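See structure below.
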Amino acid sequence: MSTRDDMDDLVNSLQGASLHDSRPGIVADVTNSPLRRFFLQHPVGGYTYSGRSPTTEWQDYLDAKGWTSEQCHKKGSRQRKLYRKYLAAVEEEVDYLIQRNEQVRDGELKPWEYLCKLFEVGEAPLSKKKAKKLLRPIHINIYDFIDYQQAQQAGQHSVLTRFPKEGQLAEYSYDTGRVYPLSAAKKDGMLRLLLRKISRAASRVRTQK
């Protein structure tokens, strides 16, 4: 597996293929953020939600509870049950951020049409099935997508890295610990349009090294 320096070099080399967005049309409002609501509903001493990247918030939350990531993946554990609720909140956050786009909110674009417009792969009107096909070559990290959308809605400049190959996305996601399990996503949700089978891709990358 690559070192963190190698991964930083990879991400930097892909900036030309990244999405820089300072366009208007996004409404800033974090008061109803599903992630914020999740952490407020499950308080723990020594931790306060501050709107940072979801993976950073989750890790600090685990540290405050004295839990480990391994416990969160153990079937039947109370840690896993809460982890699944966190993952559901992450998916809700994706939907929430997409819905905050002015054109989606006003009914001018369907959520999947917005994604195609964002990544410049198609224009409305589009069926969801067609959008899924158009978005298939788009390889992004879902937590990076959330960070990107949150920054935009706060009026901050941000960059969303697009990886040319699924294997590069897999390597980045596992090396940075920013993996969203495909099995946790709703089968008909917007998140599914952006998720890739990176565990399989990561296995191929490891085999090649």
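The values are calculated or read from the model by the stated rules, or taken from the named source; none is laboratory data. A quick note: this is a predicted structure, and the numbers were derived from the prediction, not measured. Counting neighbours? That spans all protein chains shown, and the Cβs are built from the backbone with ideal geometry, glycine included. Quick note on the areas: whole protein, heavy atoms, side chains included, nothing else; ligands and nucleic acids left out. Shrake-Rupley method; radii C 1.70, N 1.55, O 1.52, S 1.80 Å.
A few comments on the model shown:
- In this structure, residue 108 does not qualify as at positive phi and free of Cβ contacts under 8 Å to residues at least 24 places away in the same chain.
- Odd one out for residue 178 among (1) outside any loop (DSSP other than H, G, I, E, B); (2) open to solvent by 20 Å² or more (accessible area, probe 1.4 Å); (3) touching a residue at least 60 places away in the same chain (Cβ under 8 Å); (4) out of contact with any strand residue (DSSP E or B) (no Cβ under 9 Å at 6 or more places or on another chain): (1)
- Scanning region 56-98 for residues that are open to solvent by less than 30 Å² (accessible area, probe 1.4 Å) and of a type in the set (S, T, N, Q) gives 77, 79.
- Matching residues in region 118-139 - criterion: being in a helix (DSSP H, G or I), touching a residue at least 12 places away in the same chain (Cβ under 8 Å) and open to solvent by 50 Å² or more (accessible area, probe 1.4 Å): 128, 132
- Contact annotation: residue pairs with Cβ atoms under 6 Å, 6 or more positions apart or on different chains, pairing a residue in region 74-103 that is under 12 Å from residue 150 (Cα atoms) with a partner that is open to solvent by less than 60 Å² (accessible area, probe 1.4 Å) and not in a helix (DSSP H, G or I), are 100/27; 101/26.
- Hey, residue 52 open to solvent by 60 Å² or more (accessible area, probe 1.4 Å) and modelled with pLDDT under 95 or not: yes
- Answer from 124, 151, 170, 131 - the residue that is within 23 Å of residue 51 (Cβ to Cβ) and of a type in the set (A, V, I, L, M, F, W, C): 151
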